[in-house]
Amino acid sequence: MRKNIVAGNWKMNTTVPEGVKLAEEVNEALKGIEPKCDVVICVPFTHLVSVNNVITEKGKLGLGAENCADHKSGAYTGEVSAPMVASTGAGYVILGHSERRQYYGETAETLREKVALALENGLTPIFCIGEVLAEREADKHFDVVKAQIVDGLFNLSAEDFGKIILAYEPVWAIGTGKTATDDQAQEMHAFIRQTIAEKYGKEVADNTSILYGGSCKPSNARQIFAKPDVDGGLIGGASLKCADFMGIVEAFD
Ligand code: PEP
């Protein structure tokens with residue numbers, strides 16, 4: 001059966017000492033509880049090794065990067081490859097975040113390369129999809145999300161697709177304080193699961209974790225996570241404060 005997952009996306013926030021302190025706080029908070037979900041923190045590349053070194057609750061707290069390169073190695077100045085990420089001890093990588101699609105021109109083609117390299121190196125991709133406001137207002141949100149899944153992931157075998165975590169993040173809800181309603185999230189998550197079922201069958205679809213992302217916070221997480229096709233959250237702003245992040249983790253009880 002699919003897992004419930006709460007994953008933090010720190011984005012380009014915190015210096016290394018600040019990030020290590022935040023990771024220590026989350027690690028400490030997890031010592032006292034048995035979370036009903038997998039907990040992951042995705043941190044800047046510069047932080048991975050230091051953060052990995054302070055995670056003692058390896059069974060409860062996973063570590064991820066926020067991106068990786070679309071090449072394995074070589075003359076790509078400034079890039080960080082999937083094998084490099086894996087060598088830090090990280091187990092996850094966010095791919096296709098809307099900020100990367102929008103500001104860094106990531107396309108389905110580069111994302112297919114990144115997904116393949118992540119999987120080859122034992123990393124679990126957290127693959128982001130989601131429409132912008134104009135697309136929702138034009139009633140194109142289902143088509144847009146379907147195209148992102150088909151173009152970015154449907155080249156995978158069923159076995160490899162089974163290793164992917166999806167994150168539905170309506171772009172209009174990211175960092176805006178405007179959360180999708182629980183019904184809007186459920187409607188899209190059910191559509192995503194149906195899309196997966198049509199390609200890979202019901203079993204693969206039922207086993208795929210689909211996270212919601214977009215202004216998720218302790219006060220709304222419980223209601224959103226209660227929906228049958230919502231399997232947790234990808235958390236931006238609220239993952240930068242241990243108490244808020246843990247409040248979301250504890251929405252699964
Ligand atoms: C994100 O960018 O993945 C995200 C969900 O951000 P926020 O929670 O800040 O909306």
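Determine which residues of segment 110-145 fall in the zone a paramagnetic label at E79 would reach in this model, i.e. backbone nitrogen under 13 Å from the point 7 Å along Cα→Cβ.
110-118
Step through the table entries K31/K163; K146/K227; K178/K199, compare each Cα-Cα distance with 30 Å, and write down the pairs that go over it.
In this structure, K178/K199 lie more than 30 Å apart at Cα.
When only Cα pairs under 8 Å and 6 or more residues apart are kept, what is the percent relative contact order across the chain?
So the answer I get is 21 percent.
Just the Kirkwood number for the chain, please: inverse of mean 1/r across all distinct Cα pairs, in Å, one decimal.
18.0
Within the chain, what's the longest run with no chymotrypsin sites (Phe, Trp or Tyr not before Pro) in a DSSP loop and at most 12 other beta-carbon atoms within 10 Å? Give the range, please.
105-253
Please report, in debye to the nearest 20, how large the charge dipole of segment 24-81 is about its Cα centre when each Lys and Arg carries +1 at its beta carbon and each Asp and Glu carries -1 there.
Approximately 160 debye in magnitude.
So what is the relative contact order of segment 38-115, in percent, for Cα pairs below 8 Å that sit 6 or more residues apart?
Here the relative contact order equals 32 percent.
Starting from the Cα coordinates of segment 81-175, work out the convex hull volume and express it per residue in Å³.
Value for segment 81-175: 98 Å³ per residue.
If the label point is 7 Å along Cα→Cβ of E113, which residues in segment 58-84 have backbone nitrogen under 15 Å from it?
68-83
Between rounded, prolate and oblate, where does segment 1-141 land on the alpha carbon gyration tensor, with a ≥ b ≥ c its root eigenvalues, rounded for a/c under 1.5, else prolate if a/b exceeds b/c?
Cα axes put segment 1-141 in the oblate bin.
May I ask you to sort D206, D253 by Cβ crowding, counting other Cβ atoms within 10 Å and putting the fewest first?
In order of increasing Cβ crowding within 10 Å: D253, D206.
For segment 84-145, build the charge dipole from Cβ charges (+1 Lys, Arg; -1 Asp, Glu) around the Cα centre, then report which of M84, S98, L123 sits farthest towards its positive end.
M84
Laboratory data are not the source of any read-out in this text; all were calculated from the coordinates shown. The structure presented is a predicted model; accordingly, all values stated were derived computationally and were not measured. Using ideal geometry, Cβ is built from the backbone for each residue, glycine included, and neighbour counts are taken over all protein chains shown.
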